[in-house]
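Read through the structure below, which is laid out as structure tokens, and then see the notes.
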Amino acid sequence: MLIPMRPASRRQRGLSIVEVLVGIAVGLVLITGVLSLFATNLTNSRRMLTEARVNQDLRVAADLIARDLRRAAYWQNAITGTTVTGGLSTPVRNPYQAVAVDVAASQIDYTFSRDTTENNAIDTAEQFGFRLNSGALQMKVANVWQTVTDPNVMTILSLAIDNTIPPVNIDARASCAVTCTGGGCPVVTLRHYRLTLVGRSATDANVVRQLVSHVKVRNDSVTGTCPA
């Protein structure tokens with residue numbers, strides 16, 4: 001009797017050196033792509049946080065300036081400018097100044113005054129202003145300059161307070177008790193300023209932002225007089 005021959009079993013083989021090298025190469029490519037994507041996302045996240053910090057600090061600085069500018073030339077006794085005396089309404093000059101620019105200093109100073117002691121005279125405690133000093137925004141309070149931004153976080157590159165919006169003059173002749181004609185009649189002037197701030201991140205020189213806002217001074221200027 002013939003006995004059928006069984007085929008010899010094949011021996012189990014592992015991966016060849018070529019297959020191992022190909023697998024390692026593919027794995028390295030995948031790991032490199034993942035690490036590159038992670039690094040890109042991390043960089044973008046840091047950049048977004050830096051931009052948000054610069055934008056927020058610029059807004060806070062601009063709001064601080066705007067709030068103070070709106071009160072420039074405030075005068076407690078401004079009502080005396082329209083007081084009727086002897087049948088005439090005689091506008092009185094406001095002793096407190098609006099925004100003035102001092103270019104004599106090493107940096108440009110924007111100064112103004114407002115009434116705080118109600119004595120109709122500019123005192124030391126009634127002088128205010130803003131300026132840049134070594135990349136930091138400084139605020140003048142009671143005639144003393146104080147730093148209000150941190151140069152280790154953000155460097156202020158430029159500060160500009162421009163009266164670029166033409167003042168709006170309102171005819172105030174109706175306030176006179178008698179008819180007023182000519183160029184010396186009372187005029188109420190509405191003042192506007194354009195505030196421009198440019199800041200750069202102290203940790204990323206590529207992050208530079210500019211903020212522009214418009215501020216209307218609440219204390220209008222009265223010029224001219226009513227005829228006698």
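Restricting the calculation to alpha carbons of region 150-228 gives Rg and Dmax of 20.7, 65 angstrom. With the alpha-carbon atoms of the chain aligned to their principal axes, the span from lowest to highest coordinate is 150, 35, 26 Å, starting with the largest.
Taking packing as the residue-averaged number of other Cβ atoms within 10 angstrom, the listed peptides 23-33, 197-207 run from highest to lowest as 197-207, 23-33.
Of the accessible area of region 123-202, computed with a 1.4 Å probe over protein heavy atoms only, carbon and sulfur atoms account for 50 percent. Placing unit charges on the Cβ atoms only, positive for Lys and Arg and negative for Asp and Glu, gives the chain a dipole magnitude near 1420 debye about its Cα centre. Averaged over its residues, the chain has an accessible area of 64 Å² per residue, based on protein heavy atoms and a 1.4 Å probe.
Compute the long axis of helix 17-70 from its Cα atoms, compare it with the longest principal axis of the Cα atoms of the chain, and write down the angle in degrees, 0 to 90, nearest 10. It works out to around 10 degrees.
The values are calculated or read from the model by the stated rules, or taken from the named source; none is laboratory data. Values in this document were obtained by computation on a predicted structure and should not be read as measured data. Counting neighbours? That spans all protein chains shown, and the Cβs are built from the backbone with ideal geometry, glycine included. When the accessible area is computed, the model is the full protein with side chains, heavy atoms only, and any ligands, DNA or RNA have been set aside. Shrake-Rupley method; radii C 1.70, N 1.55, O 1.52, S 1.80 Å.
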